[in-house]
Structures are given as C-alpha cells and as structure tokens.
Amino acid sequence: MRKKIVAGNWKMNTTVTEGVALARAIVSKKNEVPEGVSLVVAPPFTHLTFVAAALKGTDIALSAQNCAYEPKGAFTGEVSAAMLKDAGCAYTILGHSERREYYGENSAKLVKKINLALDNGLKVIFCVGEKLAERKMGNHFEVVGAQISEVLFTLTPEQMKQIVIAYEPVWAIGTGVTATAEEAQEIHAFIRKTIAARFGEAIAEETTILYGGSCKPSNAKELFACPDIDGGLIGGASLNADDFLAIAKSY
Ligand code: 13P
C-alpha cells in the first residue's frame, strides 16, 4: 500500500508566531485524522526550527518549500539541503510552479537540487503541472511527461523511492478552479505509467502522487476517491487548521 499524504504548503504566509500557532492547532486535532493518512507541513524557512519544536513528539512531518542547488558556500540568500535537514525537515518541496515561473527554476537546476536533498536524507515532494494554455492546446501530457523525464529519470530506483510527486495544474493553483476528479485521475494515471516505464511497476505502484490546486474540504473527497490520487498538496486551505484537517479527514 502506498502512503497517503496530505501536505500543507504555507508559501510566503504567516509570521513565526502565527505559524507556530497553526502548527499547534493542527497537532491538537491530529487524532481526528484517519490512521494511514500522513500529514506534512511546509512553512517558510524562518519558521522551520520553531515549527519543528511545535511538532516534536508527533508524526506530523516538516517540509521546506525549496532548497539551494549548491551544497554550501558563497550563495547569499540561499538555504542548503543540509541546513534543512539540521532544522528538522523530513521533506522539501522542489519544482513548485511558482518557483519555475518566478525564479527561473528549470530541470537542470532541479536535478542538482533533488540530488542534494536526497544526499542529505530529505524526501522530495516534486511538483509538476501544465499551464492553462498548454492544457487548452491538449499538450498537458507532453509537458508533464517532460518535467518528469528531465528530472526524475536521472535518478536511481533507490532514489526514486524517496520521491513524492505532486501534480499541480498551474491553472488550478489559487484560482478556486479545481481539476475535475476525471481530469486529475487521467493525468495521475499517466504519471504513474510514466514512472512505471522507467522504474518498473513495483516502484510506480509505491509512488505517492498528490493532487494540488484549489483543493479544499468541499472537493477533497471526490479527488481522493480516485485510484491514482494519493492525497493532496494544499495551499490556501492549509493556512486554516480546521480546513486542513477536514481535507485530511476526507479519506
Ligand atoms: P492552492 O491550494 O492555494 O490552490 O495552492 C496549491 C499549491 O500550489 C500547493 O503547492
């Protein structure tokens, strides 16, 4: 059975005080989440140590939202994979569409980042997804296939076992428009098939594939009922503990 995950990407939101309060609120009601659903929270870098303390003794995992593509040194403003591990992270998100769009994150950089993250004992939530124009032209399989092959196909099978994939159609992120369960299932199945073609059926079957993009308590149940959707990467709705937990309880 592959792992079910509901992960909250807080993006550039909350102060440290607010973030710790949010983490504590999630911890206080974690017992409502069905067994077998793992929770992950991804606060901003400045919050990590404090949120790690708030999560201590629970099985809620801490994630970063990004990491540097160099291991250390004169890279002003960057945070390394080793620092994230040291701060208590179990995961880092990599390749989020906002990083691809606004910070020039391309596959070459992502290959470096993913290797550094894995070398430092972090699991990776690797994001893929097409833009609206690409979907409209019917190119979404091609786009997502290339995002996967250019980065994940460079990994060894052992490394691939440490990867969670998040399919996040850019047109659904923060827009209130969700992919329908059919649209999401179709491309999740394609992603699993793509992984199987390179790494074999067994690894593909074990790979957790999350859906992200305007996922909320009202639509999570339908999305999570799809056979190839193994949870969600939640943006806006993860900033409210009750909404985040309601999504996790949709299983
Ligand atoms: P929203 O849930 O706010 O649409 O964001 C999704 C996302 O980008 C998570 O990484």
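Considering region 93-126, the residues that are under 22 Å from G8 (Cα atoms) and surrounded by fewer than 18 Cβ atoms within 10 Å (Cβ to Cβ) include one that is farthest from the ligand (Cβ to nearest atom), namely G121. Being touching a Lys or Arg at 6+ places or on another chain (Cβ under 6 Å) and at pLDDT 95 or above: is that true of D228 here? Answer is yes for this residue.
Within region 136-179, being within 16 Å of the ligand (Cβ to nearest atom) and loosely packed, with under 14 Cβ neighbours inside 10 Å holds for G174, T175, G176, V177. Out of K216, K221, one residue alone is among the basic types (K, R), within 11 Å of the ligand (Cβ to nearest atom) and under 17 Å from A237 (Cβ atoms). It is K216.
The values are calculated or read from the model by the stated rules, or taken from the named source; none is laboratory data. Computed from a predicted model, the values in this text were never measured in an experiment. Virtual Cβ from ideal backbone geometry, glycine too; neighbours counted across all protein chains shown.
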